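Read the structure below first, then the notes.
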Amino acid sequence: METFSLLIDGFAIAIEPLNLTLVIAGVTVGLFIGAMPGLGSVNGVAILLPMTFMVPPTSAIIFLAAIYYGAMYGGAISSIMLGIPGASTAVATTFDGRPMALKGMADKALVAAAAASFVGGTISIVLFTLFALPLAGVALAFGPPETFALMVLAFATFIGLAGDDIPKTLFSIFIGLVFSSVGLDIISGEPRLIFGDLSGFYHGINFLVLAIGIYGIGEMLWTIEVSKGGVLMSKATVTFRRVLDSLGELRSSAKTMVMGSFLGYFVGILPAAGATPGSLMAYGVAKSMAKDPGSFGKGNVDGVVAPEAANNAASTGSMLPMLTLGIPGSPTTAILLGGMVIWGLEPGPLVFVNHPDFVWGLIASLYVANLFALLINIGFIPAFIGVLKLPFTVLAPIIFVLCVIGGYVPTQDMHDVWLMLIFGVVGYLMRKLDYPMAPAVLAIVLGPLAEPALRQSLIGSHGDAMIFFERPISGTIMLVAIVLFVLPLTKIVIRLWKRAACTNPR
Amino acid sequence: MRVAELVMALVLAVFSIYLMWKSTELPIGWLPGEGPGGGAFPFWLSLGMLACCISIIVRWVAKASPPSRSTEPFMTPETVKWFLLVAGSLTAMIALIHVIGVYGAVPLFLVYYVRFLGRHGWATTLTLALCIPVAAFFFFEIALKKTLPKGFTEPLFYPLYDIFL
């Protein structure tokens, strides 16, 4: 009941003229950003965050969340029309979306993607609304050891997802944490890691500098390398009649949509997992659930529906730990979390107590954003297709200029712009060698929260690290983290063991 | 690719050692009554970075990671050309901002990129080169009240400030 009345208050905030305008603007911008190959929600949120300083925090997060949301819808558009995922979250959508477009069913795929996104979004927002208060209540009992244990869990999930190259993922986490400790030491107040005595390092390395460097400049350099070849457009005919017919045919995919939504939501909640693994898993499950798994990859509409429902559900899911626990569920929420710090809000359960308007305004705005994203998406499909024809040589310089100005504005220091360029170039070169970059961005956001939690815990326990294991909640979280950390190692051991068994049959 | 993998790991290893050395400027041990010293957190993490680099090099020797097996070049001559053109012009733009400010450097960059890298017509080029700085001025300086760097062109903007602020 309390949830319901708070939600009503939230709606009052979400439909204020300014916020409503921002939702519509955010969703539209997000759709375009998501639709452009190479740009996803992370890039959009990272590049546009500096521009939200003119509005109050609640409006700012509503705008950014709408971009996040819109980008999840938009990612499907280039996956289907170009066969290039608009964002990593839409990779699974290309598997069946592209074949459908090649068969002349592009409009059907686009409508299916939009409808699935809407269902995924709606189910996940309802779940979000129901879970938010109880989880925040639990989180209120957290002290520094629990906070630190949660951070360890967030990093452990990254390692669990890393696949083969664990050292590179670990490296990325460590370097992000070290960069987060540049500046003045929070406890002693002494300057620390001031490279070359440059005064610009005294205010620390702003996470936005790293995020825009990697997701703006680095991503552009990467896309310029990949997109040198011509881009192939699919033809699409979109009429009102065909849209209605396609919607009618989607009834058979209802089960897949619901499955994708729930799966995506729960994968999204896991720290650091986010929408990309969520959508890939949903695709896999849809395929194994289907009566005719052979038709997947050749243009089965369920292969579009499952990942699209899942990636929208996951984007909402990943906001749950961000709001309640103060740890991000995806790279995009890591940037939103950094934004909350800049806006002067302490992330974590206390936000629910101290800033209920912020939390519930955001939650209610997600309902609104979901509706508008559907309407704008279906209404603007022809326009999006036009934007995809915009040459990259026009788009890229505009984004570069936005990055440079966006890197300058938060601190008004050219030092940060140079640093951003260096991060972008080095990040691009490292990415070519399979160094994952998302963990570094996550780490630079979490570093300033993790270090004090660690040091306060150790001061409290007089240097005994067992404090993280002796307290029930932090002990449990640490245990889960250790399991996640050890799991990929055991997989490697088992594989080696099997390989040895194969080569020596006796 | 194989060479690049090793070079990158070695460079990062040297960087890790530098970070470790830099962290020791603050106490890295246990301070009685204060807990871990200010340098402890970055020091141990840098040590972790070094350990990762060593492990990457070990995997390189064992050819365990995909880049260490790859025979493809790290960058083809075509890629190098684009990388240098784009990253170079970006660097030049940022350097020029110090001298002629955002409103001088950004149009120059756009003209260079759209006209000479993108080979678009002058109409497209000039529209972009004029509209983007004007939009940036109104958005950042007027709406957000965040002044952008202008180098020696600063005095030219005083009349505009008088009108809009």
Return a yes/no flag: does the stretch A:415-431 have any residue that is open to solvent by less than 60 Å² (accessible area, probe 1.4 Å), of a type in the set (Ser, Thr, Tyr) and under 25 Å from the mean Cα position of the chain (by Cα).
yes
Residue selected from the stretch A:103-115 under the condition open to solvent by 20 Å² or more (accessible area, probe 1.4 Å) and modelled with pLDDT of 80 or more, by the criterion farthest from A:Pro331 (Cα to Cα)
A:Lys103
Condition (residue is away from chain B (no Cβ under 14 Å) and in contact (Cβ under 8 Å) with a residue 60 or more places away in the chain) applied to the stretch A:445-457: is it met by at least one residue?
yes
Residue in the stretch A:372-404 that is modelled with the highest pLDDT, counting only those that are over 24 Å from the mean Cα position of the chain (by Cα) and loosely packed, with under 15 Cβ neighbours inside 10 Å:
A:Gly379
What number goes with the only condition from (1) at pLDDT below 85; (2) outside any loop (DSSP other than H, G, I, E, B) that A:Ala141 does not pass?
(2)
Residues that are in contact (Cβ under 8 Å) with a residue 40 or more places away in the chain and either within 12 Å of chain A (Cβ to nearest Cβ) or among the acidic types (Asp, Glu) (or both): find the helices (runs of 4 or more DSSP H) completely inside the stretch B:87-165 holding 2 or more of those.
B:102-110
Would you confirm whether any residue within the stretch A:438-449 is open to solvent by 10 Å² or more (accessible area, probe 1.4 Å), modelled with pLDDT of 90 or more, of a type outside the set (Val, Ile, Thr) and part of a helix (DSSP H, G or I)?
no
Look through the stretch A:386-404, keep the residues that are in a helix (DSSP H, G or I), facing chain B (nearest Cβ under 9 Å) and free of Cβ contacts under 8 Å to residues at least 24 places away in the same chain, and return whichever of them is nearest to A:Thr223 (Cα to Cα).
A:Thr393
Among (1) more than 7 Å from chain B (Cβ to nearest Cβ); (2) touching a Pro at 6+ places or on another chain (Cβ under 7 Å), there is one condition A:Val178 misses while meeting the rest; what is its number?
(1)
Residue match in the stretch B:43-52 (condition: under 22 Å from the mean Cα position of the chain (by Cα), among the aromatic types (Phe, Trp, Tyr) and farther than 20 Å from B:Phe74 by Cα)
no
In the stretch A:179-186, is there at least one residue being assigned to a helix (DSSP H, G or I), closer than 30 Å to A:Glu346 by Cβ and open to solvent by less than 20 Å² (accessible area, probe 1.4 Å)?
no
Among the residues of the stretch A:299-324, which ones are among the aliphatic types (A, V, I, L, M) and within 27 Å of A:Val285 (Cβ to Cβ)?
A:Val301, A:Val304, A:Val305, A:Ala306, A:Ala309, A:Ala310, A:Ala313, A:Ala314, A:Met319, A:Leu320, A:Met322
Quick test of your reading of the structure: B:Ser65 fulfils all but one of (1) touching an Asp or Glu at 6+ places or on another chain (Cβ under 7 Å); (2) within 9 Å of chain A (Cβ to nearest Cβ); (3) modelled with pLDDT of 85 or more. Name the failing condition by number.
(3)
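Kindly state which helices (runs of 4 or more DSSP H) lie completely within the stretch B:1-82 and contain at least 2 residues that are touching a Pro at 6+ places or on another chain (Cβ under 6 Å).
Helices (runs of 4 or more DSSP H) meeting the threshold: B:2-23, B:40-61.
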Exactly one of A:Ile8, A:Ile13, A:Ile33 is open to solvent by 10 Å² or more (accessible area, probe 1.4 Å) and within 15 Å of the chain's Cα centre (by Cα), and that residue is A:Ile33
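Would the stretch A:152-164 turn up any residue that is within 11 Å of chain B (Cβ to nearest Cβ) and either surrounded by fewer than 17 Cβ atoms within 10 Å (Cβ to Cβ) or more than 16 Å from A:Ala438 (Cα to Cα) (or both)? Walk me through it before giving the result.
So the first thing to find is which residues in the stretch A:152-164 are within 11 Å of chain B (Cβ to nearest Cβ), and the list is A:163-164.
After this cut, where a residue has to be either surrounded by fewer than 17 Cβ atoms within 10 Å (Cβ to Cβ) or more than 16 Å from A:Ala438 (Cα to Cα) (or both) as well, the list is A:163-164.
So far as the stretch A:152-164 goes, yes, one or more of its residues are within 11 Å of chain B (Cβ to nearest Cβ) and either surrounded by fewer than 17 Cβ atoms within 10 Å (Cβ to Cβ) or more than 16 Å from A:Ala438 (Cα to Cα) (or both).
This table checks each residue for (1) at pLDDT 80 or above; (2) surrounded by fewer than 24 Cβ atoms within 10 Å (Cβ to Cβ).
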position: A:Pro56; (1), (2): yes, yes
position: A:Ile62; (1), (2): yes, no
position: A:Tyr68; (1), (2): yes, no
position: A:Ser79; (1), (2): yes, no
position: A:Val91; (1), (2): no, yes
position: A:Gly97; (1), (2): yes, no
position: A:Gly120; (1), (2): yes, no
position: A:Leu127; (1), (2): yes, yes
position: A:Leu135; (1), (2): yes, yes
Restricting to the stretch A:188-201, give me the number of residues that are among the aliphatic types (A, V, I, L, M) and either surrounded by 16 or more Cβ atoms within 10 Å (Cβ to Cβ) or closer than 22 Å to B:Ile54 by Cβ (or both).
2
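Among the helices (runs of 4 or more DSSP H) contained in the stretch A:314-355, which hold 3 or more residues that are of a type outside the set (Gly, Ala, Ser) and within 16 Å of the chain's Cα centre (by Cα)?
Working: elements: A:319-324, A:331-342, A:350-354.
Passing ranges, in order: A:319-324, A:331-342.
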Search result, residues across the stretch A:273-313 that are outside any helix (DSSP H, G or I), more than 18 Å from the chain's Cα centre (by Cα) and in contact (Cβ under 8 Å) with a residue 60 or more places away in the chain
A:Phe296, A:Gly297, A:Lys298, A:Gly299, A:Asn300, A:Val301
So which of A:Gly463, A:Gly475 ends up being more than 9 Å from chain B (Cβ to nearest Cβ) and farther than 19 Å from A:Val341 by Cβ?
A:Gly475
Odd one out for A:Trp418, checked against (1) touching an Asp or Glu at 6+ places or on another chain (Cβ under 7 Å); (2) among the hydrophobic types (A, V, I, L, M, F, W, C); (3) free of Cβ contacts under 8 Å to residues at least 60 places away in the same chain:
(1)
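The values are calculated or read from the model by the stated rules, or taken from the named source; none is laboratory data. For clarity, every value in this text was computed on a predicted model and none was experimentally measured. Using ideal geometry, Cβ is built from the backbone for each residue, glycine included, and neighbour counts are taken over all protein chains shown. SASA here: full protein model, heavy atoms, side chains in, ligands and nucleic acids out. Shrake-Rupley method; radii C 1.70, N 1.55, O 1.52, S 1.80 Å.
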